[in-house]
Protein chains: 2
Amino acid sequence: MTDPARATVVPVALGSRAYEIVIGADLIAAAGAELARRFPGARYAVITDETVAEHHLDRFTAGLADADLGYSTIVVQPGESSKSFETLASVVDGVLSARLERGDLLIALGGGVIGDLVGFAAGIVRRGMRFVQVPTTLLAQVDSSVGGKTGINTRHGKNLVGLFHQPSLVLADTAALDTLSERHLRAGYAEVVKYGLIDDPAFFDWLEIHRGEIFAGGPARAEAVARACRAKAEVVRIDEKETGPRALLNLGHTFGHALETATDYDAERLVHGEGVAIGMVLAHEFSARLNLASPDDAVRAARHLAAAGLPTTLAEVPGGVGTVDGLMQAIFQDKKVKRGRLTFVLTRGIGKAFVADDVVPELVRDFLADKLVG
Amino acid sequence: MTDPARATVVPVALGSRAYEIVIGADLIAAAGAELARRFPGARYAVITDETVAEHHLDRFTAGLADADLGYSTIVVQPGESSKSFETLASVVDGVLSARLERGDLLIALGGGVIGDLVGFAAGIVRRGMRFVQVPTTLLAQVDSSVGGKTGINTRHGKNLVGLFHQPSLVLADTAALDTLSERHLRAGYAEVVKYGLIDDPAFFDWLEIHRGEIFAGGPARAEAVARACRAKAEVVRIDEKETGPRALLNLGHTFGHALETATDYDAERLVHGEGVAIGMVLAHEFSARLNLASPDDAVRAARHLAAAGLPTTLAEVPGGVGTVDGLMQAIFQDKKVKRGRLTFVLTRGIGKAFVADDVVPELVRDFLADKLVG
């Protein structure tokens, strides 16, 4: 077990909303002591889903009990469908039933769905309560648990409803990833690769070498999580509310969200990280088509993702992705639209991504149409 | 019609979230031009309820059309029951269906329910859109439209879910109050009186003289609204998130909310301002019982509120207010509870209110028990 004192700590420097990301093995069991030290006198509502509860809830609450902390638990259905108004209302009701007060905390024990849902609930109960992220998936550890984006889905698209609400602490237990399926580990890995592709070619090089060790659970895993978190923390520090540079983190996400919409958020067909993997390759290929980047970089990015077992082409999505009209409609409903022009993250090569806010929709349509036939 | 250039403007000095409250007669008809000037290029979703729509919606949208502004309308059921997750979800859905983008604005045309609901929706659609308050009740003009508190109710109590989200503009049309019932005008007047009772004895004196003119719609009405807004704006400026002095605005509200809970938020029996009127008198009487204030001040406050036609005693609530246990339970669920001690606004006399965060619950219970029998 990692002694929390020896874990890696990544600070997120956001002034009065600053917090720390603690990264290490077996932090779930040690969380009670850590929370008692950081939030004296507080009580907790631990919110998780049935799948995560099976693997981690008992160990987590045993730690709370050992530290004499008062807590309630709320268990929701697993899966993207819990990012709904209905589940949000039921979580809020559970927190109010537990009579938590303003100084108490919510705990999001789970993957990105739980983190987004619980962060949203924390942001609106009593007009804002504190919360702790305990991400149990690689995706959540390197992306969604850091930065304060919270939200739910609607029939109009993903994450169109929510708010910015920073956690007070993130505890990333790298040993928890051993309970993930290979597929979900891969999906999270797509977001790790993203940080290399955005602006850190040296990290991309390092990933090409250490991919095996990261998947196997060696020391490179914690290092990869820490480097990803540091990269994200820096972007969030500069642009907390995504008015500018933070949009870089959406590399691959506009295409990715469209693919998730096209597959009805059906995790059997496509999970978020897989959509992002394909989306990042598409972003590189589209950039090459606009003569912004060398096609070789798109090939190199695709090769690394494919080697990790991730899909990199539209053809690999089971059941297909529908028509170009459907994809364009999803892209337009995505929130990164300004006065009819599309905001896209494009790239000049590996580690050279940039935000373009004037992409002509017809060029995207032509590109996708070609990809759909080819 | 008031020329907006000649209307009274009260600034709310909140740095990057600063905005103006514009107060004058017939601003609803003039709103289109005002919006076009302030938010070039924006589109609007006008959200109102059926009752307000009947009185004001056509005039309002005619002004938008005259100014060539694009808009959609969303009309919800009138009444407190619209402050629910269900109605929130339907408003959010309407805004997304209208394809409003991040730079566009929501407009809350109505009373406190509409303002709280629309402000909440604006705060969460696309993780935060701008909105304009167009309060059509006295209550909303002098209280809920200013300061950024938004929220909905749950079975656990009033306003326990919501967020702080400041409007970008408030347009308070004092002529709109002519469509209010006498009862709702009175209820709003309770919140006007509150500002005198909190810290402005001269304003209370002025109200004792000008009450008739305010109700009749003379120049004193706009002055009363402006003075109340100035008082609220100053408190909000000092303490936007209610970590301290802003709690003063809750004078009469802890008791008032308990009475609203006890009457099931049934507007036939008790509206918010009536609860606040009784609550303010109770706060003065309770303060007198604690030897903090002279009983004469409680009598003077009660006399002025009663002269305005407001209830000032528990006995005046139709159907009664239930048991002391029920009232205490509602008080405990109110959000102003810290570690078992109650936070109450008490007073040392007219215009001398203060926040006490260590009120012993048993003293409140004994006081209420006596009030219930007597």
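What to note about this one:
- Each residue in segment A:151-165 was checked for being within 8 Å of chain B (Cβ to nearest Cβ), of a type in the set (A, V, I, L, M, F, W, C) and part of a strand (DSSP E or B), and 3 of them qualify.
- Test set (1) buried (at least 18 other Cβ atoms within 10 Å of the Cβ); (2) modelled with pLDDT of 95 or more; (3) within 14 Å of another protein chain (Cβ to nearest Cβ) - A:Glu86 fails condition number: (1)
- Among the residues listed as B:Gly148, B:Gly244, B:Gly196, the single one being small (Gly, Ala, Ser), crowded, with 17+ Cβ neighbours inside 10 Å and closer than 26 Å to A:Val92 by Cα: B:Gly148
- The lone exception for B:Ser168 - which of (1) surrounded by fewer than 21 Cβ atoms within 10 Å (Cβ to Cβ); (2) modelled with pLDDT of 95 or more; (3) closer than 25 Å to A:Val95 by Cβ it fails: (3)
- Residues of segment B:46-53 include at least one that is outside the structural domain of B:Leu270 (by TED's automatic domain parsing), among the acidic types (Asp, Glu) and at negative phi.
To keep it simple, each residue is scored yes or no on (1) under 24 Å from A:Thr261 (Cβ atoms); (2) of a type in the set (A, V, I, L, M); (3) touching a Ser or Thr at 6+ places or on another chain (Cβ under 9 Å); (4) in contact (Cβ under 8 Å) with a residue 40 or more places away in the chain.
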site: A:Thr61; (1), (2), (3), (4): no, no, yes, no
site: A:Glu80; (1), (2), (3), (4): yes, no, no, yes
site: A:Gly103; (1), (2), (3), (4): no, no, no, yes
site: A:Ala108; (1), (2), (3), (4): no, yes, yes, yes
site: A:Val113; (1), (2), (3), (4): yes, yes, yes, yes
site: A:Gly119; (1), (2), (3), (4): yes, no, yes, yes
site: A:Gly123; (1), (2), (3), (4): no, no, yes, yes
site: A:Gln133; (1), (2), (3), (4): no, no, yes, no
site: A:Asn153; (1), (2), (3), (4): yes, no, yes, yes
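- Filtered residues of segment B:252-265 (kept if more than 19 Å from B:Asp200 (Cβ to Cβ) and either buried (at least 23 other Cβ atoms within 10 Å of the Cβ) or touching a residue at least 24 places away in the same chain (Cβ under 8 Å) (or both)): B:Thr254, B:Phe255, B:Gly256, B:His257, B:Ala258, B:Leu259, B:Glu260, B:Thr261, B:Ala262, B:Thr263, B:Tyr265
- Scanning segment A:323-336 for residues that are under 21 Å from A:Glu268 (Cα atoms) and buried (at least 18 other Cβ atoms within 10 Å of the Cβ) returns A:Leu327, A:Ala330.
- Members of segment A:27-55 found to be part of a loop (DSSP other than H, G, I, E, B), in contact (Cβ under 8 Å) with a residue 24 or more places away in the chain and surrounded by fewer than 16 Cβ atoms within 10 Å (Cβ to Cβ), listed by number: A:Gly41
- Residue that is farthest from A:Gln166 (Cα to Cα) [pool: residues in segment B:89-104 that are at the interface with chain A (Cβ under 10 Å from one of its Cβ atoms) and assigned to a helix (DSSP H, G or I)]: B:Ser97
- Scan of segment B:105-146 for residues that are in contact with a Gly (Cβ under 8 Å, 6 or more places away or on another chain), within 14 Å of chain A (Cβ to nearest Cβ) and among the β-branched types (Val, Ile, Thr), ordered by number: B:Ile124
- Pair list, Cβ under 9 Å, 6 or more apart: segment A:345-374 residue exposed (fewer than 15 other Cβ atoms within 10 Å of the Cβ), other residue at pLDDT 95 or above and in a strand (DSSP E or B): A:Arg348/A:Phe354
- In the set (1) within 26 Å of B:Ile107 (Cβ to Cβ); (2) more than 14 Å from chain A (Cβ to nearest Cβ); (3) charged (D, E, K, R), B:Glu182 fails one condition alone, (1).
- Unmet requirement for A:Arg155, which otherwise passes all of (1) basic (Lys, Arg); (2) farther than 28 Å from A:Leu35 by Cα; (3) assigned by TED's automatic domain parsing to the domain that holds A:Leu259: (3)
- Only residues that are under 25 Å from A:Gly41 (Cβ atoms) and assigned to a strand (DSSP E or B) were counted across segment A:56-81, and they come to 4.
- Filter result for A:Val299 (in contact (Cβ under 8 Å) with a residue 40 or more places away in the chain, farther than 21 Å from A:Leu270 by Cβ, surrounded by fewer than 21 Cβ atoms within 10 Å (Cβ to Cβ) and not basic (Lys, Arg)): no
- Qualifying residue in segment B:44-55 (condition: within 14 Å of chain A (Cβ to nearest Cβ) and closer than 24 Å to B:His165 by Cβ): yes
- Checking the stated criteria, A:Arg99 turns out to be surrounded by fewer than 24 Cβ atoms within 10 Å (Cβ to Cβ) and free of Cβ contacts under 8 Å to residues at least 12 places away in the same chain.
- For segment A:101-120, taking the residues that are out of contact with any Phe, Trp or Tyr (no Cβ under 8 Å at 6 or more places or on another chain) and among the aliphatic types (A, V, I, L, M), the one that is modelled with the lowest pLDDT is identified as A:Val113.
- Hey, B:Arg221 at pLDDT 95 or above, of a type in the set (Lys, Arg) and either touching a Pro at 6+ places or on another chain (Cβ under 9 Å) or in a helix (DSSP H, G or I) (or both) or not: yes
- Hits in segment B:280-295 - residues which are free of Cβ contacts under 8 Å to residues at least 12 places away in the same chain and either under 19 Å from B:Ala190 (Cα atoms) or of a type in the set (Gly, Ala, Ser) (or both): B:Ala288
- Checked against (1) under 17 Å from the mean Cα position of the chain (by Cα); (2) at pLDDT 95 or above; (3) surrounded by 20 or more Cβ atoms within 10 Å (Cβ to Cβ), A:Val235 meets all criteria but (2).
- B:Ile198 hydrophobic (A, V, I, L, M, F, W, C), within 26 Å of B:Pro311 (Cα to Cα) and within 11 Å of chain A (Cβ to nearest Cβ): no
- Selection status of B:Ala307, touching a residue at least 24 places away in the same chain (Cβ under 8 Å), aliphatic (A, V, I, L, M) and surrounded by fewer than 20 Cβ atoms within 10 Å (Cβ to Cβ): yes
The values are calculated or read from the model by the stated rules, or taken from the named source; none is laboratory data. What you are looking at is a predicted structure, and each value in this text was computed from that prediction instead of being measured. As a convention, Cβ positions derive from the backbone with ideal geometry for all residues, glycine included, and neighbour counts pool all protein chains shown.
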